[in-house]
2 protein chains.
Amino acid sequence: MMVIKIGGSVLSDKTRKFHFRAEVVKRIAYELSRFFPEEKFIVVHGGGSFGHPLAQKFGIREGLRDYSSRHGFVVTHLAMLDLTSRVAKCFLENSLPAFPISSSSIFITENGRIVKGSLEVVREAIEKGFIPLLFGDVSFDVRKGIEIVSGDEIILHLAKEFKPEKVIFLMDVDGIYDRYPGGQLLKEIRVSDLENLEVQGSAGIDVTGGIRKKLEVAKELARYTQEVWFVNGLIKDRLSEAIIGNALGTVVMP
Amino acid sequence: MMVIKIGGSVLSDKTRKFHFRAEVVKRIAYELSRFFPEEKFIVVHGGGSFGHPLAQKFGIREGLRDYSSRHGFVVTHLAMLDLTSRVAKCFLENSLPAFPISSSSIFITENGRIVKGSLEVVREAIEKGFIPLLFGDVSFDVRKGIEIVSGDEIILHLAKEFKPEKVIFLMDVDGIYDRYPGGQLLKEIRVSDLENLEVQGSAGIDVTGGIRKKLEVAKELARYTQEVWFVNGLIKDRLSEAIIGNALGTVVMP
């Protein structure tokens, strides 16, 4: 089983509100359809220009304050339901039964880290031949009242539970660079090397952190999976190559 | 705390595909806003002309068979996400933070009856000052692979867990009649009377059963709540009157 993260910057142009790259998502679905159902997948997607600007506008990460933060919590989730529905439709067009599971319905966080997760439906969906489709979302938080549960946090939780063969992050760049811009693509990283890197920035708004955070996630993920790939989701076949195990991109290994 | 069921025939004209009565739902939300947040609510809505025709078209209740049933399962859920998003927006317009919780993400059924339910998020939502918004939905089923979890089944499960003060069903008729059409409205029913009733039919498609099923549900509900109301959701103030406890309609009591 593999976990695929479709980054928010892949499925939308983060500088444009409610922008959705249907053609890109359809092509990603098509690539997965070459391997499914022999290979099982869980797909997690980010908020892109649907969730992030609203989460920021309403200050969700500042926690529960007043009616306005409750209003923003609902509105942000509704935007994510809209986005995940679009993603699911792109998958259906490629005969992939991607089934949306609302992250906010199954996870409870503490300062954004998942402390309770109910994965029964994710497990059932896989067993019944579906592709569970989760997404970065709002969350009820035992410390702050409300928070954001990021796609990366969800992937970490899923990896602990399901021990996937590999985890593949689809990004809008070719992988991890030693410096950005102008640096060199790091093709293979050992977890032990992960201390002294200068890492790239990311355009647009990203309330859930950038590449530095991603490498921390990769480091933690490497405890539960054999390979963590970072490849360009905007370029055809990179995902397929990562699934096979030989892609232009970055692979992080234990 | 009260549980409110917005029947599918209230929020849509079941004879018209993807029909949504926004004005009716807004007025229902407005009535709840007179009592919230002093009174807490959980709202559950039916599938109306969004979920039912698709569930029927794809034969979801026949269980998991082939790719087509998986496709139908996803498509039916997507229609319900669309519907529940519309309901949530009508609530937001009346300053009610109704938060959609995907029934299929938290319930697993056996022949359509809930056998596993994860209610942590429902509980958190209430505690944090939200109105949990659930809906009849598709479900993974331990016996049939896939099934439908009806709004009524969800209400039964919620009532067992939360022991609400009352449960109010909003319908497209004034309540329960001893015969229909042409019969008399039954204003008060004792559970012990519930054996010998001739009950009314319902127009349009209703894959999850009609009024007879509702009375069976009322009978079971009466073990966990003091009053089960059936009132006309299409007529102004009936809901408010049921909340207060003096409405034109039917009340079922233990």
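Considering only residues that are open to solvent by 50 Å² or more (accessible area, probe 1.4 Å) and touching a residue at least 24 places away in the same chain (Cβ under 8 Å), look in the stretch A:71-91 and name the one that is nearest to B:I101 (Cα to Cα). Selected residue: A:D82. Quick one: is A:K40 out of contact with any Cys (no Cβ under 8 Å at 6 or more places or on another chain), among the basic types (K, R), open to solvent by less than 40 Å² (accessible area, probe 1.4 Å) and in contact (Cβ under 8 Å) with a residue 60 or more places away in the chain? In short, no. For B:D174, the criteria (1) out of contact with any Leu (no Cβ under 8 Å at 6 or more places or on another chain); (2) more than 14 Å from chain A (Cβ to nearest Cβ); (3) part of a loop (DSSP other than H, G, I, E, B) hold in every case but one, which is (1). Taking the stretch A:16-32 as the range and being of a type outside the set (A, V, I, L, M, F, W, C), in contact with a Phe, Trp or Tyr (Cβ under 9 Å, 6 or more places away or on another chain) and assigned to a loop (DSSP other than H, G, I, E, B) as the test, the residues that pass are A:K17, A:H19.
Among the residues of the stretch B:121-152, those identified as touching a His at 6+ places or on another chain (Cβ under 8 Å) and farther than 23 Å from B:K40 by Cα are B:D137, B:V138. Of the strands (runs of 3 or more DSSP E) lying entirely inside the stretch B:43-143, the ones with 3 or more residues being more than 9 Å from every other protein chain (Cβ to nearest Cβ) and under 29 Å from B:E23 (Cα atoms) are found at B:131-135.
Considering each residue of the stretch B:26-40 in turn, none proves to be within 14 Å of chain A (Cβ to nearest Cβ) and under 17 Å from A:K89 (Cβ atoms).
Within the stretch B:221-254, restricting attention to residues that are aliphatic (A, V, I, L, M) and in a loop (DSSP other than H, G, I, E, B), which residue is surrounded by the most Cβ atoms within 10 Å (Cβ to Cβ)? Selected residue: B:A247. A single member of B:G183, B:G209, B:G204 is small (G, A, S), at pLDDT below 75 and over 16 Å from B:D152 (Cβ atoms), and it is B:G204. Every test in (1) within 23 Å of B:F162 (Cβ to Cβ); (2) of a type outside the set (S, T, N, Q); (3) open to solvent by less than 40 Å² (accessible area, probe 1.4 Å); (4) not in a helix (DSSP H, G or I) is passed by B:F35 save one, and that test is (3). On the basis of being in contact with a His (Cβ under 7 Å, 6 or more places away or on another chain), surrounded by 14 or more Cβ atoms within 10 Å (Cβ to Cβ) and either modelled with pLDDT under 95 or within 14 Å of A:L239 (Cβ to Cβ) (or both), does A:I6 make the cut? It is true that A:I6 is in contact with a His (Cβ under 7 Å, 6 or more places away or on another chain), surrounded by 14 or more Cβ atoms within 10 Å (Cβ to Cβ) and either modelled with pLDDT under 95 or within 14 Å of A:L239 (Cβ to Cβ) (or both).
Search the stretch A:139-158 for residues that are polar (S, T, N, Q) and pair each with any residue that is modelled with pLDDT under 95 when their beta-carbon atoms are under 6 Å apart and the residues are at least 6 apart or on different chains. Pairs that qualify, where the first residue is polar (S, T, N, Q) and the partner is modelled with pLDDT under 95, are A:S150/A:T208.
Taking the conditions (1) touching an Asp or Glu at 6+ places or on another chain (Cβ under 7 Å); (2) modelled with pLDDT of 95 or more in turn, B:D178 satisfies each one other than (2).
Could you please let me know if B:S150 is surrounded by 18 or more Cβ atoms within 10 Å (Cβ to Cβ), polar (S, T, N, Q), within 11 Å of chain A (Cβ to nearest Cβ) and in contact with a helix residue (DSSP H, G or I) (Cβ under 9 Å, 6 or more places away or on another chain)? Against the criterion (surrounded by 18 or more Cβ atoms within 10 Å (Cβ to Cβ), polar (S, T, N, Q), within 11 Å of chain A (Cβ to nearest Cβ) and in contact with a helix residue (DSSP H, G or I) (Cβ under 9 Å, 6 or more places away or on another chain)), B:S150 does not qualify. Is it fair to say A:I168 is β-branched (V, I, T), open to solvent by less than 40 Å² (accessible area, probe 1.4 Å), modelled with pLDDT of 95 or more and under 23 Å from A:G46 (Cα atoms)? So A:I168 passes the test.
The values are calculated or read from the model by the stated rules, or taken from the named source; none is laboratory data. Here the structure is a predicted model, which means the values were calculated and not measured. Note that each Cβ is placed from the backbone with ideal geometry, even for glycine, and that neighbours are counted across all protein chains shown. Only protein heavy atoms, including side chains, enter the accessible area calculation; ligands, DNA and RNA are left aside. Shrake-Rupley method; radii C 1.70, N 1.55, O 1.52, S 1.80 Å.
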